[in-house]
Amino acid sequence: MKKILVTGGAGYIGSHTVVDLVLNGFQVHICDNFNNSSPKAVHAVEKILGVNIPLTKLDLKDKSAVGNMFEHGDFDGVIHFAGLKAVGESTSKPLAYYENNLLSTLNLLDACKKYNVQNFVFSSSATVYSDPAVVAYDEETTKTGKASSPYGTSKLEQEWILEDCVNGAEFPAGLRVVSLRYFNPIGAHSSSMIGEDPRGIPNNLAPFITQVMVGRREFLSVFGGDYATEDGTCIRDYIHVTDLARGHRLALEYIEKQPENSMEYINLGSGKGSSVLEVLHAFEATYGKSIPYKIVSRRPGDLPEFYAKTEKAQRLLNFKTEYSLDDMARDSWNWQKSNPNGFE
């Protein structure tokens with residue numbers, strides 16, 4: 001049984017991935033600083049699984065604390081979710097994003113080197129893609145070295161660091177990396193016990209919608225209604241968080257079979273786009289009534305339309321999404337109405 005460190009394991013995607021890993025025979029150790037998550041998410045995961053999950057509260061920028069965790073952890077691999085992740089905020093606070101995200105990864109890699117942990121799955125992002133002339137992104141699109149925001153740039157730079165470490169000679173046991181560039185996670189666990197619970201103003205579409213549905217917000221703000229799309233709103237590739245969690249487990253299983261120094265970049269998405277208003281209408285269908293919204297100014301860093309090319313995920317991981325947009329809306333709504341104030 002492999003023992004996996006999941007950084008940011010109390011977060012939205014991290015908590016769902018922990019559930020998938022344990023159900024498929026992995027041992028898991030969570031570390032999280034709870035900057036944008038809640039310890040109650042870990043308790044909910046334990047209730048779903050019926051087991052206790054070891055947890056270390058720490059800030060990954062603290063190099064000595066990270067080393068101490070690895071010294072006692074005996075980890076076989078790492079899934080690295082932890083990091084600041086708001087596209088809009090990153091445009092106003094780029095230094096904070098570079099410091100937090102890059103230093104955290106550097107400290108993790110240093111510990112992996114010291115304690116011979118060679119399997120590393122990195123939580124990257126579709127925001128590493130930036131070319132407005134491209135709509136369907138494949139994994140080679142980033143050759144330009146540009147991203148659409150400081151957040152995206154921080155993810156791209158972490159990928160470069162990982163690739164340089166794979167190609168270097170510092171890791172005695174070698175280093176095997178899969179960088180998963182996923183698109184827009186949505187949905188919640190079928191138990192409605194874990195789901196997306198952002199602190200403060202949400203950064204993603206679904207919690208904005210569901211907070212309107214439970215009366216926490218008066219209306220949905222749609223950032224831009226004049227894009228060159230069919231209904232004027234941005235088009236994105238949405239993926240159910242349960243599908244996304246499974247993708248991380250498949251990535252772990254994949255890299256265990258690879259040469260001791262290897263790296264792959266893999267998109268995780270549905271392979272098709274849905275507009276903001278299409279997503280809103282899917283929520284209205286599961287809600288049974290209309291949801292108020294207003295068109296407001298465009299958001300800095302947003303591109304009009306993009307979605308994933310998913311052939312590489314199918315070929316290397318045997319991964320295809322299983323959940324529809326309607327499933328995502330239903331599960332998001334079930335989570336929010338069961339937990340109108342989130343974990344708090």
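Throughout, read-outs are computed from the coordinates displayed, never taken from laboratory work. The structure displayed is predicted, hence computed values, not measured ones. Quick reminder, even Gly has a Cβ in these numbers, built from the backbone with ideal geometry, and neighbours come from all protein chains shown.
Things worth noting here:
- Cα-centre dipole for segment 207-344 with unit charges at Cβ (Lys and Arg positive, Asp and Glu negative), debye to 20: 200
- Look at the dipole of the chain built from charges on Cβ: of Val222, Ser104, Val134, the Cα furthest out on the positive end belongs to Val222.
- Were the residues from Lys146 through His72 laid out at 0.36 nm apart, the gain over their Cα-Cα distance would be 22.8 nm.
- Each label point was placed 7 Å from the Cα along the Cα-to-Cβ direction; for Tyr115 and Val135 their separation is 4.7 nm.
- Segment 217-344 shape via C-alpha gyration tensor axes, a/c threshold 1.5: prolate
- Label zone (Glu218, point 7 Å along Cα-to-C-beta; backbone nitrogen cut-off 17 Å) within segment 270-291: 291.
- Size of electric dipole in the chain: Cβ of Lys, Arg +1 and of Asp, Glu -1, about Cα centre, debye, nearest 20: 520
- Contour minus Cα-Cα distance for Ala173 and Lys337 (0.36 nm per residue): 54.3 nm
- Contact order normalised by residue count of segment 1-81, Cα under 8 Å, 6+ apart, percent: 41
- Alpha-carbon centroids, segment 86-105 and segment 313-343: separation in whole Å: 27
- Cα-based shape type of segment 178-252, given that a ≥ b ≥ c are square roots of the gyration tensor eigenvalues and the cut on a/c is 1.5: oblate
- Positive-end residue, the chain charge dipole about Cα centroid, Cβ charges, pick of Gly247, Gln258, Gly9: Gly9
- Among beta bridges from DSSP that stay inside the chain, the antiparallel ones total about 5%.
- Report summary: the helix-based calculation at 222 nm, which adds -39500 (n - 2.57) for every DSSP H run with n ≥ 4 and divides by the residues of the chain, gives -12000 deg cm²/dmol.
- FRET efficiency estimate (nearest 0.05) - Cβ-Cβ, Ser262 to Ser324, R0 41 angstrom: 0.75
- The phi torsions of segment 262-273, fed into the Karplus equation with coefficients 6.51, -1.76 and 1.60 and a -60° offset, translate into couplings of 7, 8, 10, 10, 9, 6, 10, x, 8, x, 8, x Hz, rounded to whole numbers, with Gly and Pro shown as x.
- Quotient of C-alpha Rg and 2.2 N^0.38 Å, computed over segment 1-151: 1.10
- Given charges at beta-carbon only (K, R positive; D, E negative), |dipole| of segment 133-243 in Debye: 340
- In this simple spin-label model, placing a label point 7 Å from the Cα along the Cα-to-Cβ direction at both Glu230 and Ile201 gives a separation of 3.1 nm.
- Measuring against 29 Å, Cα to Cα, the residue pairs Lys155/Lys337; Lys61/Lys272; Lys57/Lys312; Lys294/Lys337; Lys61/Lys294 contain Lys155/Lys337; Lys61/Lys272; Lys57/Lys312; Lys61/Lys294 as the ones spanning a longer distance.
- Alpha-carbon centroids, segment 122-187 and segment 45-65: separation in whole Å: 25
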